[in-house]
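Single-structure report; data block below.
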Amino acid sequence: MKKMRQATVTIALIEVTGFETTKLEDKPRVLMFRLRLGTEKLKSKLIKSHKDVVQVQEIFNFNLYNSDSLLELTLSERDNIICRNIIDLNELEQEKTHRMRINSDYELKNIQIFLLLTISGTLNNTLYGMDETEMRNKDYLLRKKYAWYRLCGQFSNIGSLNVIVYGAKGLSSADCFCILNLNNERVQTQTDYKTNAPSWMKIVTFTVTDITSVLEVIIYDEKKNDEVGRVAIPLLKAKCGKNWYALKCCNLKDRAKGNNPRILLEINLVWNAIKAAIRVINPKEPNYLQQEEKLDRHVFARNLSRAKVVTTWIMNAFDMFKTCFQWESMKLNVASLALWLTFCYHFKLWMLPLLLLIPFVWYKPDQYTIFNWKSKIVNEFSPVNNKEAKENKEQDKNVSIRQKINQLQEIIQSIQNLIGRIADFGESVKKAFISAYSTLRCLL
């Protein structure tokens with residue numbers, strides 16, 4: 001008999017803690033996760049690290065059937081099993097993201113796995129089974145709970161967001177489902193097959209922990225496993241009520257493919273202003289669900305085109321900078337002369353000791369650096385690293401063809417993600433300069 005899919009199980013492996021730090025001269029530990037739900041098996045990529053906290057940041061999706069309810073999670077270092085745990089999915093609440101910390105029962109008992117688990121995509125919490133009076137009572141209780149004078153309870157719980165996903169129209173693909181992300185909570189709808197105008201009628205409820213967060217609504221094609229369109233809605237700018245939202249591409253700039261693709265959402269946001277003001281002072285929670293894009297020729301080509309656009313803009317900016325000193329534009333010449341005169345007027349000799357900030361940047365601790373370029377330069381030319389390079393060359397001779405192909409894929413994937421990061425940085429700089437240039441032109 002054919003099995004009927006009941007829901008979709010999403011597991012986001014975040015990090016593993018409890019290891020002992022190893023020296024850089026030693027070989028890094030190589031970790032790998034294996035997951036099993038029923039007959040479906042998945043495994044993670046190889047993770048190499050010297051640190052005591054190993055970052056994983058990988059998401060897995062399983063189809064949940066009626067007969068399958070036990071999720072087996074195994075962590076192994078090379079061929080030795082470090083941690084194995086079985087999670088009973090029947091004990092977990094559906095349509096909600098659970099934060100779980102799993103301890104090891106083997107020799108290394110200090111090891112702890114941090115993961116996010118969500119069971120969603122069910123036929124529960126739909127408009128078909130809801131009553132209007134019940135929904136009005138819930139709305140009234142929420143507004144009463146999050147009134148400005150009620151400061152009891154946790155200050156991290158500042159409000160509630162209720163989203164009704166009615167459906168979409170004009171999509172470029174059929175067999176689509178919708179994913180909603182907010183503050184490391186991820187919930188998805190069921191799949192509506194063989195239609196470009198799906199009707200999900202799904203009710204999703206989130207607990208708001210930061211009012212400056214952004215609600216991401218993403219539509220995927222189940223068969224092609226490709227993104228159809230998305231929309232990002234900041235909570236502070238969210239319009240309560242029933243509204244149509246135009247779908248954008250993954251970069252949120254261009255319109256998505258299709259016949260005027262759009263999605264119909266009803267948003268109801270209730271939050272406590274005093275709790276939200278106190279919460280804004282604290283640092284933001286890291287985005288655990290953000291992972292590196294996998295190797296894909298479409299993503300690689302997209303990042304290359306974005307990098308080309310940024311480089312052409314830089315060349316045009318240099319040409320415009322030249323025109324400031326070639327007397328081709330009177331406004332630019334006057335603006336550049338005014339900036340130069342203000343710099344000469346305000347510059348003093350006592351500002352020269354500011355150059356002493358360079359040693360502070362050079363000797364800055366590694367934990368405060370985004371990219372440790374100093375240690376990389378030093379290690380490349382150190383004799384220890386040269387010995388390691390010779391040992392690695394000897395080991396590479398014994399590597400199989402399959403392992404070499406996997407290493408080549410990892411290198412191409414890192415190049416793809418690096419080009420994407422450079423394009424992101426260039427686009428942000430471009431936006432800043434364009435806004436500054438437009439304000440300057442308005443002033444002149």
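Report the full-extension gain for the segment N333 to L264: residue separation times 0.36 nm, less the Cα-Cα distance, to one decimal in nm.
Numbers: separation 69, 0.36 × 69 = 24.84 nm, distance 5.03 nm.
Taking N333 through L264 to full extension adds about 19.8 nm, to one decimal.
Loop only per DSSP, at most 13 neighbouring Cβ atoms within 10 Å: give me the GluC sites (Glu not before Pro) in the stretch 86-177, ordered by residue number. Don't jump to the answer; show the numbers that get you there.
Working: sites: E91, E93, E95, E107, E132, E134; in loops: E93, E95, E107.
Sites meeting the loop and neighbour criteria: E93, E107.
Rounded to the nearest 0.05, what FRET efficiency do C344 and Q55 give with R0 = 56 Å and r taken as the Cβ-Cβ distance? Could you check? Let's see the in-between values first.
Working: r = 49 Å, r/R0 = 0.87.
Result of the calculation: an efficiency of 0.70.
Packing-wise, with mean Cβ within 10 Å as the measure, how do 408-417, 30-39, 258-267 rank, highest first? Write out the running numbers ahead of the final one.
Numbers: 408-417: 14.0, 30-39: 16.6, 258-267: 18.1.
Those peptides, ordered most packed to least, come out 258-267, 30-39, 408-417.
Beyond 23 Å between alpha-carbons counts as too far, so tell me which of K45/K194; K237/K257; K202/K223; K45/K404; K331/K430; K138/K242 fall in that bin. Kindly include the intermediate steps, with their values, before the conclusion.
Details: K45/K194 34 Å; K237/K257 25 Å; K202/K223 21 Å; K45/K404 15 Å; K331/K430 21 Å; K138/K242 18 Å.
Those over the limit are K45/K194; K237/K257.
Identify the trypsin sites (Lys or Arg not before Pro) of the stretch 167-216 meeting these criteria: DSSP loop state and at most 11 other C-beta atoms within 10 Å of the C-beta.
Details: sites: K169, R186, K194, K202; in loops: K194.
When the trypsin sites (Lys or Arg not before Pro) of the stretch 167-216 are filtered for loop state and at most 11 Cβ neighbours within 10 Å, K194 remain.
If you count, for each residue, the other Cβ atoms within 10 Å and average over each peptide, how do 63-73, 41-51 line up from highest to lowest? Write down the numbers at each step before the final one.
Numbers: 63-73: 15.7, 41-51: 14.2.
Taking the mean over residues of other Cβ atoms within 10 Å, the ranking is 63-73, 41-51.
Which ³J(HN,Hα) values in Hz, rounded to whole numbers, follow from the phi angles of the stretch 211-222 under the Karplus curve 6.51 cos²θ - 1.76 cosθ + 1.60, where θ = phi - 60° and Gly and Pro get x?
6, 8, 6, 10, 8, 9, 10, 10, 10, 10, 8, 5
Provide the gained length on full extension for the span K239 to K41, in nm with one decimal, where the gain is 0.36 nm per separating residue minus the Cα-Cα distance. It would help to have the intermediate numbers written out before the result.
Working: separation 198, 0.36 × 198 = 71.28 nm, distance 4.22 nm.
Extending this stretch completely gives an extra 67.1 nm.
Quick note: the coordinates plus some simple rules give every number you see, no bench work behind them. All of these numbers come straight from a predicted model, not from anything done at the bench. Please note: Cβ atoms are built from the backbone with ideal geometry, for glycine as well, and neighbour counts cover all protein chains shown.
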